[in-house]
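The values are calculated or read from the model by the stated rules, or taken from the named source; none is laboratory data. Just so it is clear, the structure is predicted and the values come from calculations on it, not from any experiment. Cβ coordinates were reconstructed from backbone atoms using ideal geometry, including for glycine residues, and neighbour counts include every protein chain displayed. In case anyone asks, the SASA skips ligands and DNA or RNA and just uses the protein heavy atoms, side chains included. Shrake-Rupley method; radii C 1.70, N 1.55, O 1.52, S 1.80 Å.
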Amino acid sequence: MDAAEFRKRGKEMVDYIADYLEKIDKRQVFPDVEPGYLRPLIPDCAPEDPESFEDVFKDIEKIIMPGVTHWHSPYFFAYFPAASSFPALLADMLCGGIGCVGFSWAASPACTELETVMLDWLGKMINLPEEFLAGKDGQGGGVIQGSASEATLISLLAARTKTIRWLQSEKPELTEADIMGRLVAYASDQAHSSVERAALIGAVKIKKVSSGDTFSVCGSALKKVLDEDKASGLIPFFFCATLGTTPCCSFDKLLELGPICNKENIWMHIDAAYAGSAFICPEFRHLLNGVEFADSFNFNPHKWLLVNFDCSAMWVKKRSDLTGAFKLEPLYLQHHHQESGLVTDYRHWQIPLGRRFRSLKLWFVLRMYGVTGLQEHIRRHVRLSHQFEHLVLQDGRFEICAEVVLGLVCFRLKGSNELNKALLKSINEAKKIHLVPCHLREKFVLRFAICSRTVESTHIKFAWQHISQLATDLLKTWEQNHHQQ
């Protein structure tokens with residue numbers, strides 16, 4: 001394919017994507033395929049000779065689309081939103097076109113410098129304390145990670161290195177193995193599984209701290225576990241606080257937890273993967289109060305800020321904590337500006353060496369929507385979640401299972417877990433809308449997340465009528481079976 005054909009095919013692809021997104025509501029939200037559907041549809045081996053673009057293009061609808069779950073459909077209410085917007089898609093094209101690998105400043109100065117400035121922009125939008133910003137000569141700063149899971153892992157590994165070095169400076173006779181075997185990380189029993197996975201990869205113990213009635217961890221619960229573990233000779237070194245948990249969007253009590261972590265010399269990382277975007281709205285910013293106690297903080301613009309995957313924003317108070325843990329300087333990666341103090345080499349802030357020019361997406365979206373446009377997007381989603389909550393509350397057969405703060409509603413039929421499993425099965429088998437469940441304590445609960453950029457009030461009403469009708473049908477058969485037994 002030469003440049004001339006690329007121009008032609010590129011325009012066709014843009015038209016195809018625009019049509020796909022404009023008419024996505026006409027497609028069934030969840031696919032009708034069985035595992036292994038794709039293999040029989042394509043040859044066993046790559047073609048020996050080149051094929052035409054037309055042949056490849058034809059196969060998108062025939063082979064790919066039948067197996068796509070349409071995350072951007074206004075009938076998709078599962079997981080959390082996956083952000084997308086036309087400015088972000090255009091920026092991603094440019095990122096692919098430039099194709100640089102920005103592991104160091106010299107590898108592409110614009111790639112590094114735009115990221116530093118964009119993370120400062122974003123930090124100011126959510127009113128992050130000054131020490132998290134890079135500024136002209138700050139100690140902190142932001143970096144784009146691939147996902148919140150990576151941000152948690154990076155912060156845990158940095159905390160581990162920092163703790164080992166500090167303990168060895170206090171007691172030089174301690175070996176790394178002595179310390180490693182006693183290190184413990186902590187997170188809420190509602191925290192995302194990626195926190196546990198970070199501890200697995202980091203080869204340290206992790207303990208779950210009990211959350212209270214509102215599914216939030218409070219200071220006394222953390223203190224109790226810390227006191228017990230210290231008494232038995234363990235070394236607490238890391239706590240991951242969650243703002244907007246995955247099951248029910250609950251918020252750990254930062255203002256109680258932060259001072260404890262600071263006093264005990266424990267690294268506090270805040271995972272606000274979904275909820276963090278909402279902090280650009282002044283009315284939700286109080287949910288971030290206590291961030292000033294944290295060592296690192298992360299949220300995903302690729303969830304709720306119209307920047308498509310992958311773009312996970314992470315800030316640290318002391319960048320030397322990261323670079324100190326991961327810095328290696330082979331000659332082939334060095335450049336003559338690296339000791340100037342004016343440049344950032346982001347390879348020291350992340351797991352992989354290579355990185356894409358992801359800040360272009362932030363730059364396009366922040367400029368083309370403006371803070372007010374992004375705030376309106378968040379507020380509209382929150383209004384729609386309260387609309388759904390209101391509909392649920394009007395039906396005495398259902399209950400709301402957790403406070404609705406942002407764009408997630410946790411609800412269920414009053415009754416057994418089996419009944420609610422049957423309801424979810426009938427919803428997802430009908431394939432008119434898509435939901436996923438969670439467990440809250442012993443209850444099997446349905447999650448209804450406002451996800452799509454194009455979702456409107458009519459889609460919420462449709463979803464509720466559909467759920468309500470399926471519940472009516474289910475309860476009839478359930479009662480008949482119950483009587484027969």
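Annotations
- A crude spin-label estimate for the pair Leu174 and Glu113, with each label 7 Å from Cα along the Cβ direction, gives 4.3 nm.
- For the chain: accessible area per residue (Å², 1.4 Å): 48 Å²
- About its Cα centre, the chain has a charge dipole of approximately 920 debye under the convention of +1 per Lys or Arg Cβ and -1 per Asp or Glu Cβ, with nothing else charged.
- Residues in the range 7-43 reached by a label modelled at Ile63 [backbone nitrogen below 12 Å; 7 Å Cα→Cβ]: 38-43
- Partner aspartates and glutamates for Lys432 [C-alpha distance under 14 Å; skip if fewer than 8 residues away on the same chain]: Asp25, Asp32
- Overall form of the chain per C-alpha gyration tensor (a/c, 1.5; a/b vs b/c): oblate
- Unit charges on C-beta of K, R, D, E only; dipole of the range 215-322, Debye: 140 debye
- Gain upon complete extension [Arg383, Asp32; 0.36 nm per residue less C-alpha separation]: 123.2 nm
- Ser147 - accessible surface, heavy atoms, 1.4 Å probe, Å² rounded to 10: 30 Å²
- Taking a ≥ b ≥ c as the square roots of the eigenvalues of the Cα gyration tensor, the range 3-82 is classed as oblate, since a/c reaches at least 1.5 and a/b does not exceed b/c.
- Split the accessible area of the chain by element, probe 1.4 Å, and carbon with sulfur accounts for 57%.
- Counting only residues at least eight positions apart within a chain, or on another chain, the lysines with an alpha carbon under 21 Å from that of Lys171 are Lys162, Lys230, Lys263.
- Cross-link table Lys253/Lys303; Lys253/Lys421; Lys207/Lys303; Lys207/Lys414; Lys23/Lys361; Lys207/Lys318, entries beyond 30 Å C-alpha to C-alpha: Lys253/Lys421; Lys207/Lys414
- Gain on full extension, evaluated as 0.36 nm per residue between Ile42 and Glu264 minus their Cα-Cα distance, stands at 74.1 nm.
- Restricting the range 31-125 to GluC sites (Glu not before Pro) in coil, as DSSP defines it, with at most 12 other Cβ within 10 Å: Glu48, Glu51
- Ranking Pro247, Phe398, Leu156 by Cα position along the charge dipole of the chain, where only Lys, Arg, Asp and Glu carry charges on their C-beta atoms, puts Phe398 farthest toward the positive end.
- Rounded, prolate or oblate (a/c below 1.5 giving rounded, otherwise prolate when a/b exceeds b/c) for the range 255-302 by Cα gyration tensor: oblate
- Candidate aspartates and glutamates - alpha carbon under 12 Å from Lys208, same-chain residues fewer than 8 apart omitted: Asp189, Glu196
- Between Ser210 and Glu376, the C-beta separation translates, for a Förster distance of 30 Å, into a calculated FRET efficiency of about 0.20.
- Restriction of the GluC sites (Glu not before Pro) in the range 130-197 to DSSP coil positions whose beta-carbon has at most 13 other beta-carbons within 10 angstrom yields Glu173.
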